[in-house]
Amino acid sequence: MILQALVNRYEDLLKKGAISEPGWGKVNVSFGLNLDIDGNVIGFLSLKTPRQSGKKTVYAPQSLEVPQPVKRSVDVKANFLCDNSTYILGVDEKGKDDRTRQCFCACKELHINLLKNAGTDAALAITRYFEKWKPEEAPENPYLAESWKDLMAGANILFYYEGKSVMEDSQIRESWHTHYNNSGEGNSGICMVTGKKAPIAVLHPTIKGVRGAQAMGTSLVSFNAPAFCSYGKEQGDNAPVSEYAAFAYGTALNELLNDREHTKAIGDTTVVCWAEGGDAVYQDAGMAAMFGTDEDSGLTEQDLSMILSKMQNGESVQIKDEWLNPDRHFYILGLAPNAARLSVRFFMEDSFGDIMRHINEHYKRLEIVRPSYDKFPRLPLWKLLSETVNNNARDKSPSPQMAADTLKAILNGGTYPTSLLNGVMLRIRAEHEVTRGRAAIIKAYYTRNKNKDCPEEVYEKMELNEECRDVPYTLGRLFALLEHLQKKANPEINTTIRDKYFNAAAATPAKIFPVLINLAQKHLRKLKEGSKIYFNKKIGELSEIIGTEYPMRLNLPQQGSFQLGYYCQTQKRYQKKEEN
């Protein structure tokens, strides 16, 4: 299913002319080796372009279309026209002179064989270069000296002729096209992706750009041990995918991962998305809905609100002069690094409208009174997951599995993972603080994952529910009121009852609240008569709801009710200050 969706993505982009044809691929190229008609090196061109990285401008390699690179393991295999210094120049600093010589000879043989019938000046220049180039003289070449450090680091080099890329030579391109079409190594069979009989790929393409994976790339599909093989078959024959389908899915996936504007990471999972037809506006909307609006998405909060509202009603919406169709197929893929190949954390296929509807429902469940200093109209996923992380820890990444499970629950409208609630509860116990994000998670969790010990009246409103008669919720309100009283009586205080008693009050109210009520009597004596009457009245109203006996123990859902009551009562106090 994943491979088929990626092949369809490739074919959609191919129709638009937005992706490489079979036999060609995008490679990061740093330099151009400029030759004359006799094969002499007459220049070494830097192809790096300036890019903004934070506040700095850095020079990065260009992503250029070149002949499809080979997949290397331990074998010596040369690429055509574009490769690193080991193959093109015959030099490196790896200390393996015999292997370096073999790499250069393989590259020389490939180019002479493919270009012998080309007949153009550029083709002749390349063959003459390989016939006369002496690798041992490379360190002394004045054109290479300035870029030597980058060359030894593995930067890619592309041949140029008289200042022009050899990729512009039609005969050279035709020579490669003929070679590529006749170079199939696998046996013929029925492709499990296309359903057609075609040469089967022995090795699958290398995928680059997954966070935490090998920089040189990793396979999505591979069979590198006998335990993975069956019925005596070897390598790609265990999952027969045609060479065309393997090229197509690998090119499409690398294109998605190389598009940094539409690639996000949660935990160790790299997330990409795309829509049937290849329209980028669906990616803009999808990423903004999942991870929030920013400069990369090109969408404002107003745009996102309109998209979610329209999709909730099954209506099309116009964004950036394009129409978003709720019935369009939409795909979301999460990849994580693994020892030998990429791990698929999740893959989702649904209509764009249904996915947006699930996300919109998630945002509605998160709605809770927002402090004035909080600048997030909606809580994006990264902000949500940060509420489970210790901000003083060296590694501030959320649990990878929890992050992936949470995103899946949001996208398919399923129940939230228990690990999300546990993470929030741990942070509240450790820090004695119920932030907007933590309260929103508790509210959303019990709204979706129903529990009788956290009744609907606790979370049905986004603000304080003064009509709620739930005892744990009211205890949370009472605790917030007693904290307010303490601060009113002692304006300069730094440590309040929250720092000392919050966890115990939420877990064992019968042990703590009598102590807090006695302490409150001392605080009341410090207040003016008007304030004293107000607090006595409020404490009396809440105590009437609680009854004559405090609960001995509150379970986890009841503690969630307590924390929501505390948060909403606290925000009510600040709201009154703002109104005044």
So which residues in the stretch 509-542 are open to solvent by less than 20 Å² (accessible area, probe 1.4 Å) and not hydrophobic (A, V, I, L, M, F, W, C)?
-> PRO509, HIS523
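Restricting attention to the stretch 32-55, which residues are assigned to a strand (DSSP E or B) and open to solvent by 60 Å² or more (accessible area, probe 1.4 Å)? Reasoning before the result, please.
Going through the stretch 32-55, the residues assigned to a strand (DSSP E or B) turn out to be 32-35, 41-46, 49-53.
The answer is ILE42, SER46, PRO50, ARG51, GLN52, SER53.
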For the stretch 9-22, how many residues are assigned to a helix (DSSP H, G or I) and either acidic (Asp, Glu) or open to solvent by 70 Å² or more (accessible area, probe 1.4 Å) (or both)?
-> 4
Does ILE157 fit the bill of being touching an Asp or Glu at 6+ places or on another chain (Cβ under 8 Å), more than 19 Å from ALA106 (Cα to Cα), open to solvent by less than 20 Å² (accessible area, probe 1.4 Å) and β-branched (Val, Ile, Thr)?
-> no
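Working only within the stretch 499-508, note down all residues that are hydroxyl-bearing (Ser, Thr, Tyr) and buried (at least 17 other Cβ atoms within 10 Å of the Cβ). Spell out the reasoning first.
Residues of the stretch 499-508 that are hydroxyl-bearing (Ser, Thr, Tyr), as a first pass: 501, 508.
Matches in the stretch 499-508: TYR501 only.
Answer yes if at least one residue in the stretch 263-270 is over 26 Å from ASN28 (Cβ atoms), crowded, with 19+ Cβ neighbours inside 10 Å, among the acidic types (Asp, Glu) and in contact with a strand residue (DSSP E or B) (Cβ under 6 Å, 6 or more places away or on another chain), and no otherwise. Give the steps one after another, and end with the answer.
Taking the stretch 263-270 first, the residues over 26 Å from ASN28 (Cβ atoms) are 267.
Going one step further and asking which of them are crowded, with 19+ Cβ neighbours inside 10 Å, we end up with 267.
With the extra rule that they be among the acidic types (Asp, Glu), the set shrinks to none.
For the stretch 263-270, residues over 26 Å from ASN28 (Cβ atoms), crowded, with 19+ Cβ neighbours inside 10 Å, among the acidic types (Asp, Glu) and in contact with a strand residue (DSSP E or B) (Cβ under 6 Å, 6 or more places away or on another chain): absent.
Considering only residues of the stretch 339-352 that are in contact (Cβ under 8 Å) with a residue 40 or more places away in the chain and assigned to a strand (DSSP E or B), which is farthest from GLY267 (Cα to Cα)?
Taking the stretch 339-352 and keeping what is in contact (Cβ under 8 Å) with a residue 40 or more places away in the chain, we get 340-342, 344-350, 352.
Filter once more, so that each one left must be assigned to a strand (DSSP E or B): 341, 344-350.
Working: ARG341: 18, VAL344: 14, ARG345: 11, PHE346: 13, PHE347: 16, MET348: 18, GLU349: 22, ASP350: 24 Å.
Among those residues, the one meeting the criterion is ASP350.
Pull up the stretch 181-220, narrow it to residues that are among the aliphatic types (A, V, I, L, M) and in a strand (DSSP E or B), then point me to the one that is nearest to ALA265 (Cα to Cα). Explain how you work it out, then say what you get.
First, the residues of the stretch 181-220 that are among the aliphatic types (A, V, I, L, M): 190, 192-193, 198, 200-203, 207, 210, 213, 215-216, 220.
Those left that are additionally in a strand (DSSP E or B): 190, 198, 200, 207.
Details: ILE190: 36, ALA198: 36, ILE200: 33, ILE207: 16 Å.
My answer is ILE207.
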From the list VAL29, VAL58, pick out the single residue that is within 17 Å of LYS208 (Cβ to Cβ) and either surrounded by 19 or more Cβ atoms within 10 Å (Cβ to Cβ) or touching a Pro at 6+ places or on another chain (Cβ under 9 Å) (or both).
-> VAL29
All-but-one check, MET1 against (1) loosely packed, with under 15 Cβ neighbours inside 10 Å; (2) in contact with a His (Cβ under 7 Å, 6 or more places away or on another chain), failing number (2)
Does THR406 fit the bill of being touching a Leu at 6+ places or on another chain (Cβ under 6 Å) and either farther than 15 Å from THR269 by Cα or among the β-branched types (Val, Ile, Thr) (or both)?
-> yes
Within the set of pairs 6 or more residues apart or between chains, which connect a residue that is in contact (Cβ under 8 Å) with a residue 12 or more places away in the chain inside the stretch 529-553 to a residue that is outside any helix (DSSP H, G or I) and open to solvent by 80 Å² or more (accessible area, probe 1.4 Å) with Cβ atoms less than 6 Å apart?
-> ILE545/ARG469
Spot the failing condition for THR86; the list is (1) polar (S, T, N, Q); (2) touching a helix residue (DSSP H, G or I) at 6+ places or on another chain (Cβ under 7 Å); (3) within 23 Å of GLU243 (Cβ to Cβ), and only one is missed.
-> (3)
Among the candidates ILE355, ILE332, single out the residue that is surrounded by 17 or more Cβ atoms within 10 Å (Cβ to Cβ), touching a residue at least 40 places away in the same chain (Cβ under 8 Å), touching a Gly at 6+ places or on another chain (Cβ under 8 Å) and assigned to a strand (DSSP E or B).
-> ILE332
Scanning the stretch 303-329 residue by residue, the ones that are open to solvent by 50 Å² or more (accessible area, probe 1.4 Å), in contact (Cβ under 8 Å) with a residue 40 or more places away in the chain and in a strand (DSSP E or B) total 2
What is the residue count in the stretch 400-436 for residues that are open to solvent by 60 Å² or more (accessible area, probe 1.4 Å), within 30 Å of ALA285 (Cβ to Cβ) and not in a helix (DSSP H, G or I)?
-> 1
Sole exception among (1) aliphatic (A, V, I, L, M); (2) closer than 26 Å to LYS16 by Cα; (3) modelled with pLDDT of 90 or more; (4) open to solvent by less than 20 Å² (accessible area, probe 1.4 Å) for MET290, by number = (2)
Filter the stretch 358-396 for residues that are in a loop (DSSP other than H, G, I, E, B) and either touching a Cys at 6+ places or on another chain (Cβ under 6 Å) or acidic (Asp, Glu) (or both); which is surrounded by the fewest Cβ atoms within 10 Å (Cβ to Cβ)?
-> ASP395
Can you give me the number of residues within the stretch 107-126 that are surrounded by fewer than 20 Cβ atoms within 10 Å (Cβ to Cβ), touching a helix residue (DSSP H, G or I) at 6+ places or on another chain (Cβ under 9 Å) and under 16 Å from GLU174 (Cβ atoms)?
-> 6
Mind telling me which of the residues THR474, THR496 ends up being modelled with pLDDT of 95 or more and either open to solvent by 40 Å² or more (accessible area, probe 1.4 Å) or touching a helix residue (DSSP H, G or I) at 6+ places or on another chain (Cβ under 6 Å) (or both)?
-> THR474
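The values are calculated or read from the model by the stated rules, or taken from the named source; none is laboratory data. Values in this document were obtained by computation on a predicted structure and should not be read as measured data. Heads up, the Cβs are rebuilt from the backbone with ideal geometry, glycines too, and the neighbour counts pull from every protein chain shown. What goes into the accessible areas is simple: the full protein's heavy atoms, side chains included, and nothing from ligands, DNA or RNA. Shrake-Rupley method; radii C 1.70, N 1.55, O 1.52, S 1.80 Å.
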